[in-house]
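**Q** Pasting a structure below so you can have a look.
The values are calculated or read from the model by the stated rules, or taken from the named source; none is laboratory data. On a predicted model such as this, the values are computed, not experimentally measured, just so you know. Methodologically, a virtual Cβ is constructed for each residue, glycine included, from the backbone with ideal geometry; neighbour enumeration extends over all protein chains shown. What goes into the accessible areas is simple: the full protein's heavy atoms, side chains included, and nothing from ligands, DNA or RNA. Shrake-Rupley method; radii C 1.70, N 1.55, O 1.52, S 1.80 Å.
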Amino acid sequence: MVRGDGLPAQLMRGALGVGGLNLLALPLVLASSILLARGLGPEGFGRYTFVITLITTLSIPLAPALMQLTTRETAGMHLTGDNSRIRALLQWANHYVLLGSVMVITVVGGVALWNADWRDDDRWTLLLLGLMALPLLGLNAVRAGVLAGLRRVVQGQFPDLFVRPLVLLLAAVTMLVAGALTPLTAVVSFLAGAVMAFAVGAALLKRTIPESEEESVPKDSVQNRQWLRAWLPFTLLAAASTLNAQIGILLLGWLSTDDQVAAMQVAERGAMLVVMSLTVMNLVIGPHITQVYRSGDRKRLQALSRQSARMALVVALPIALPLIFLAGRL
């Protein structure tokens, strides 16, 4: 166990916690991908992959962007002990997740409804069903962001990193054994994972969020507008990060064949191993960056950035080098 309250010790403890959770979840993700690829075949797996990737992209303003925003704001409020504002932030974020989900489902769902062929392997039909996961992804991301801001990073990531892939795997196995595994039932399995992740995330947040006064928190329109303005930069950052990873699958899905989408997904899973250390480190340092920045300690902020980047590089290199030089054999 890493002891001490210094910055390196805090980063190491956080990285080990989230990293251990990622290592625990990785076999579940790989197993579900292998099972779906084998059970659905190249074309079926390609259609499923394309639809889930499109849903993930549509969730950028609702899930990753709001998670980063709520992490930053919660960390600052927790530092000052302003627990009532944490609950106000949670209510505001939930409201915009639901509002944004309704808007996206109405527009994209309308297009999908118009073009759907109502077959279990039709992309528009799969998309229409998968859109139901949007509010769940957004609400769970808000809960993960609040928990991360309270320095409960592992608890915040547990529903998405462990519960969701576990339920997806179990549901897919059940469908396969029953002889009912199709792209449509695979999307249903994804939905089941999102539902369970939301339920677990809500329970964890209820146990962790600090108590405040029983009186309802008054709405602060000025604060709400500030959060809304801050939402756009986080959306752009999340869009750049997500599209950088998903643009290949999206373009292949529109311009190429389903089996090539499936092949791209396999390659992307290998790349996930390389960037896992950076993903873990970003989750760990988020609350620390907010608190150090608000304290005005620029030297400590530089040290935090430098140490976290070095730790991510040290972990990523041993994974990346074999993938680069032994790609053919692998």
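**Q** Kindly indicate whether Thr71 is buried (at least 20 other Cβ atoms within 10 Å of the Cβ) and more than 22 Å from the chain's Cα centre (by Cα).
**A** Values: buried (at least 20 other Cβ atoms within 10 Å of the Cβ): yes; more than 22 Å from the chain's Cα centre (by Cα): no.
Spelling it out, it is not the case that Thr71 is buried (at least 20 other Cβ atoms within 10 Å of the Cβ) and more than 22 Å from the chain's Cα centre (by Cα).
Yes/no matrix, rows are residues, columns are (1) free of Cβ contacts under 8 Å to residues at least 12 places away in the same chain; (2) open to solvent by 10 Å² or more (accessible area, probe 1.4 Å):
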position: Asn115; (1), (2): yes, yes
position: Trp124; (1), (2): no, yes
position: Gly130; (1), (2): no, no
position: Leu139; (1), (2): no, yes
position: Val154; (1), (2): no, yes
position: Leu166; (1), (2): no, yes
position: Leu176; (1), (2): no, yes
position: Ala186; (1), (2): no, no
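**Q** In this structure, is Ala171 part of a loop (DSSP other than H, G, I, E, B), free of Cβ contacts under 8 Å to residues at least 40 places away in the same chain, in contact with a helix residue (DSSP H, G or I) (Cβ under 9 Å, 6 or more places away or on another chain) and surrounded by fewer than 23 Cβ atoms within 10 Å (Cβ to Cβ)?
**A** no
**Q** Still on this structure, I have one more. Return a yes/no flag: does segment 5-27 have any residue that is open to solvent by less than 40 Å² (accessible area, probe 1.4 Å), at pLDDT below 85, more than 22 Å from Gly156 (Cα to Cα) and not in a helix (DSSP H, G or I).
**A** Taking every residue of segment 5-27 in turn, at least one turns out to be open to solvent by less than 40 Å² (accessible area, probe 1.4 Å), at pLDDT below 85, more than 22 Å from Gly156 (Cα to Cα) and not in a helix (DSSP H, G or I).
**Q** Determine, yes or no, whether Thr57 is crowded, with 20+ Cβ neighbours inside 10 Å and of a type in the set (Val, Ile, Thr).
**A** When the stated conditions are applied, Thr57 does not pass them.
**Q** Residues to consider are Val280, Val292; find the one that is modelled with pLDDT of 70 or more, open to solvent by less than 50 Å² (accessible area, probe 1.4 Å) and touching a Lys or Arg at 6+ places or on another chain (Cβ under 8 Å).
**A** Of Val280, Val292, the one residue that is modelled with pLDDT of 70 or more, open to solvent by less than 50 Å² (accessible area, probe 1.4 Å) and touching a Lys or Arg at 6+ places or on another chain (Cβ under 8 Å) is Val292.
**Q** Among the residues of segment 77-99, write down those that are under 30 Å from Pro183 (Cα atoms) and surrounded by 20 or more Cβ atoms within 10 Å (Cβ to Cβ).
**A** Across segment 77-99, the qualifying residue is only Val97.
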